[in-house]
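The values are calculated or read from the model by the stated rules, or taken from the named source; none is laboratory data. As the structure is a computational prediction, the values presented were derived from the model and not from experiment. Positions of Cβ are generated from backbone atoms using ideal geometry, with glycine treated the same way; all protein chains shown enter the neighbour counts. When the accessible area is computed, the model is the full protein with side chains, heavy atoms only, and any ligands, DNA or RNA have been set aside. Shrake-Rupley method; radii C 1.70, N 1.55, O 1.52, S 1.80 Å.
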Amino acid sequence: MNDLSAKEKLLRIGTELMTSQGFASTPLDKLLKQSGVPKGSFYHHFGSKTGFGLAVIKSYNEFFKHQLNKQFLNADLSPIERLKAFVTSAANGMQKYNFQRGCLIGNLGQEISALDNDFRNAIESIFNQWADLTSDLFELGKQAGQVVRSADSSQLAQAFWIGWEGAVLRAKLQQSATPLYLFFNQFISSRTFLEEYPFDESHSH
């Protein structure tokens, strides 16, 4: 942390705090204390707490899309196996932090009624970006004979992320990755998918 700039420190600590407890419940004083950055420097870089929150969202999105692409562009796996690899990676990440952290964007979506409209626009844009990447994956799935050609890849991708965010919430509540595996297994068991790579029952315990 000592080698990071003040801005990078604030973004990193802010991401940790907002992922575990949300935006409204992240006091500025706690952020400054944990980062060791003075208040003047904070306002120099972000202008306001809202500006900071939006910067954290942008930073998180860049990181998350990198993680998605690492799985979705893995040519060693079939398209649906790549989606399964993403689920495995996400489950491992949640377990690493004892299910105290979920999805920063999903968390903020749950408190959107108390947030500035800029947050609403940013969050919706990010979900659409993730869905676009997933839609491309489903198009590859069609070419590989894993997804029916008549499927609307865009709508299928939107449905995945709507269900996934609910699964992440339940995983936090249950402190278990079981909801993630259950969601994935049910999602790919529809007639839309011609090949399935379900998690076995051992992942549920």
> So which residues in the stretch 30-57 are open to solvent by 30 Å² or more (accessible area, probe 1.4 Å) and not in a helix (DSSP H, G or I), if there are any at all?
Replying inline: 36, 38, 47, 48
>> Looking only at residues that are open to solvent by 40 Å² or more (accessible area, probe 1.4 Å) and among the aliphatic types (A, V, I, L, M) in the stretch 139-157, which one is farthest from the chain's Cα centre (by Cα)?
In response: 144
>> Being over 30 Å from residue 182 (Cβ atoms), of a type in the set (Ser, Thr, Tyr) and either open to solvent by less than 30 Å² (accessible area, probe 1.4 Å) or touching a Cys at 6+ places or on another chain (Cβ under 9 Å) (or both): is that true of residue 26 here?
In response: yes
> Checking residue 62 against (1) open to solvent by less than 30 Å² (accessible area, probe 1.4 Å); (2) closer than 24 Å to residue 129 by Cβ, which single condition isn't satisfied?
Replying inline: (1)
> Could you say which residue among 131, 90, 122 is assigned to a helix (DSSP H, G or I), closer than 21 Å to residue 175 by Cβ and not charged (D, E, K, R)?
Replying inline: 90
>> Condition first: in a helix (DSSP H, G or I) and more than 15 Å from residue 83 (Cβ to Cβ). Now tell me which residues in the stretch 148-161 satisfy that.
In response: 154, 155
>> If I filter the stretch 170-190 down to residues being in contact with a Pro (Cβ under 8 Å, 6 or more places away or on another chain) and in a helix (DSSP H, G or I), which single residue comes out as most open to solvent (accessible area, probe 1.4 Å)?
In response: 170
> Residue check, residue 193 against (1) open to solvent by less than 50 Å² (accessible area, probe 1.4 Å); (2) aromatic (Phe, Trp, Tyr); (3) under 19 Å from residue 90 (Cα atoms), all met but one. Which one?
Replying inline: (3)
>> Just to verify a result, which residue in the stretch 65-80, among those that are in contact (Cβ under 8 Å) with a residue 60 or more places away in the chain and surrounded by 15 or more Cβ atoms within 10 Å (Cβ to Cβ), is farthest from residue 127 (Cα to Cα)?
In response: 78
> Is there any pair with a first residue in the stretch 156-168 that is closer than 16 Å to residue 111 by Cα and a second that is assigned to a helix (DSSP H, G or I) and open to solvent by less than 30 Å² (accessible area, probe 1.4 Å) whose Cβ atoms are under 6 Å apart and which are 6 or more apart or on different chains, and what are they?
Replying inline: 165/106; 168/106
